[in-house]
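**Q** Please find one structure pasted underneath; my questions will follow.
The values are calculated or read from the model by the stated rules, or taken from the named source; none is laboratory data. Values in this document were obtained by computation on a predicted structure and should not be read as measured data. As a convention, Cβ positions derive from the backbone with ideal geometry for all residues, glycine included, and neighbour counts pool all protein chains shown. Side chains included, ligands, DNA and RNA excluded: accessible areas come from the protein's heavy atoms. Shrake-Rupley method; radii C 1.70, N 1.55, O 1.52, S 1.80 Å.
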Amino acid sequence: MQALKKLVNEAGELAIGEVCLSDKEAEVGRIMTICNACRYCEGFCAVFPAMTRRLEFGKADIHYLANLCHNCGSCLHACQYAPPHEFAVNVPQAMAKVRGETYATYAWPQAFGGLYKNNGMTIALALAAGLELFLVLTLQVTGGILHAPLAGNFYAIFPHNTLALMFGAVFAFAVLALTLGVRRFWGEISPGEISGEAGAEAAGNVLQLKYLDGGHGMGCNNADDAFTLLRRRFHHFTFYGFMLCFAATSVATLYHYLLDLHAPYAVSSLPVLLGIAGGIGLLVGPAGLLWLNLKRHPWHGDVEQKPMDRGFIALLFLTSLTGLLLLGLRDTAVMGLLLAVHLGVVMALFLTLPYGKFAHGIFRSASLLKWSIEKRQPNNLQLGSE
């Protein structure tokens, strides 16, 4: 115990001397030094075997490990040095705080990341409301909020080319911002050469949300030390719901430009069926994640990130809710109003994608790919199991 205390003190002094580290990054460095001496949790997830390949933890290593962590909470409840022990080891919380910093650090433009990080819920809802109001006022000026039924023809309200230009520009901005951010992150963590085997393994881990099973298959901890797979299940609903909605939009685009088939499409058509399935997923998943977020124990994450988390969850839920309402009432006089509301929410979602919880999925995928590459490289330290 005395030797470990000495190691902890030396780690603290090293972190303080590492002037380029923030306080949150230094705390992760301190905790990883303790964990590297203990190794009880080495088999829990990818964080701990990746940790054993390092004796010191610089900024890039800390960012990599923080985004590799899925915040399942298992290591916290297994740790003999967790609070109220004097070492106060809380890996999930320390990692979550650094992840929050990376969203802002790698954001482009960077000022937007910091703004959204501190005011996520307010910005998300205010942006959606502002865009909705603008579109509703546009309706009022051009022909009125209510109208005769138009057989579900959205383009009679807003012309196709106008919508394509408007949302194409917003989507392109989101893709550019995310690409620049993850490119910088990827370059700093120095991953090595990507092999087909490593890429396939990382893709499988991402699609399965493998490390949300707690490392033992029983799931995450949320409100207490009981295991639950609900967090993994609700993430699956959210992820695949989003992907189905994206597929619906992509298929509709192909119908329009390649097959010369124009909206509105029948309920039995492929774009609408994909959209309905995705919409249901984006109702169930975000609602469940919000419920778990409200119940989660403060030791299991960073409470300062809750506004950002909930802002993203709210936009996903509202995107689905307004989309399904629009589909159900598209043959009525309120279609224009619902269309304006839905488009405002979707545009707000796209504009905030690079700065909130969506970005964590991109950085985490990059970290999982790095781990798949790294584990296939020789471990020159030979201090832990492969």
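**Q** Name the residues in the stretch 324-336 that are closer than 21 Å to Ile276 by Cβ, open to solvent by 20 Å² or more (accessible area, probe 1.4 Å) and of a type outside the set (Lys, Arg), would you?
**A** So the first thing to find is which residues in the stretch 324-336 are closer than 21 Å to Ile276 by Cβ, and the list is 324-332, 334-335.
Of the ones still in play, those that are also open to solvent by 20 Å² or more (accessible area, probe 1.4 Å) are 324-325, 327-332, 334.
Across the stretch 324-336, the qualifying residues are Leu324, Leu325, Leu327, Gly328, Leu329, Asp331, Thr332, Val334.
**Q** Evaluate the following for Arg39: is it modelled with pLDDT of 55 or more, within 18 Å of Trp371 (Cβ to Cβ) and of a type in the set (D, E, K, R)?
**A** Values: modelled with pLDDT of 55 or more: yes; within 18 Å of Trp371 (Cβ to Cβ): yes; of a type in the set (D, E, K, R): yes.
Here the answer is yes, as Arg39 does meet what is asked.
**Q** Would you mention how many residues in the stretch 71-94 are in a loop (DSSP other than H, G, I, E, B) and in contact with a strand residue (DSSP E or B) (Cβ under 9 Å, 6 or more places away or on another chain)?
**A** 3
**Q** Please verify whether Ala88 is modelled with pLDDT of 95 or more and either open to solvent by less than 20 Å² (accessible area, probe 1.4 Å) or polar (S, T, N, Q) (or both), treating the condition exactly as stated.
**A** For Ala88, the condition - modelled with pLDDT of 95 or more and either open to solvent by less than 20 Å² (accessible area, probe 1.4 Å) or polar (S, T, N, Q) (or both) - is not met.
**Q** Okay, next question. Looking at Gly219, Gly130, Gly187 in this structure, which one is on the phi > 0 side of the Ramachandran plot and more than 17 Å from the chain's Cα centre (by Cα)? Before the answer, list the steps.
**A** Details: Gly130 fails: on the phi > 0 side of the Ramachandran plot; Gly187 fails: on the phi > 0 side of the Ramachandran plot.
Criteria check complete, one pass: Gly219.
Okay, residues lined up against (1) open to solvent by 60 Å² or more (accessible area, probe 1.4 Å); (2) within 19 Å of the chain's Cα centre (by Cα):
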residue	(1), (2)
Ala263	no, no
Leu273	yes, no
Gly281	no, yes
Pro286	no, yes
Trp291	yes, yes
Trp299	yes, no
Gln305	no, yes
Asp309	no, yes
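**Q** Still on this structure: Can you find a residue that is closer than 23 Å to Thr352 by Cβ, of a type in the set (A, V, I, L, M, F, W, C), over 22 Å from the mean Cα position of the chain (by Cα) and open to solvent by less than 40 Å² (accessible area, probe 1.4 Å) anywhere in the stretch 251-260?
**A** Looking through the stretch 251-260, none of the residues is closer than 23 Å to Thr352 by Cβ, of a type in the set (A, V, I, L, M, F, W, C), over 22 Å from the mean Cα position of the chain (by Cα) and open to solvent by less than 40 Å² (accessible area, probe 1.4 Å).
**Q** Based on this model, can you work out whether Lys375 counts as open to solvent by 20 Å² or more (accessible area, probe 1.4 Å), touching a residue at least 60 places away in the same chain (Cβ under 8 Å) and of a type in the set (D, E, K, R)?
**A** yes
**Q** Among the residues of the stretch 334-366 satisfying the criterion of being of a type in the set (Val, Ile, Thr) and under 21 Å from Thr179 (Cβ atoms), which is modelled with the lowest pLDDT?
**A** Among residues in the stretch 334-366 that are of a type in the set (Val, Ile, Thr) and under 21 Å from Thr179 (Cβ atoms), the one modelled with the lowest pLDDT is Thr352.
**Q** Here is a list: Thr249, Thr238, Thr253. Which entry is within 19 Å of Phe317 (Cβ to Cβ) and without any contact (Cβ under 8 Å) to a residue 40 or more places away in the chain?
**A** Thr249
**Q** Within the stretch 15-28, can one find any residue that is in a loop (DSSP other than H, G, I, E, B), at pLDDT 95 or above and closer than 23 Å to Lys357 by Cα?
**A** No, that holds for no residue.
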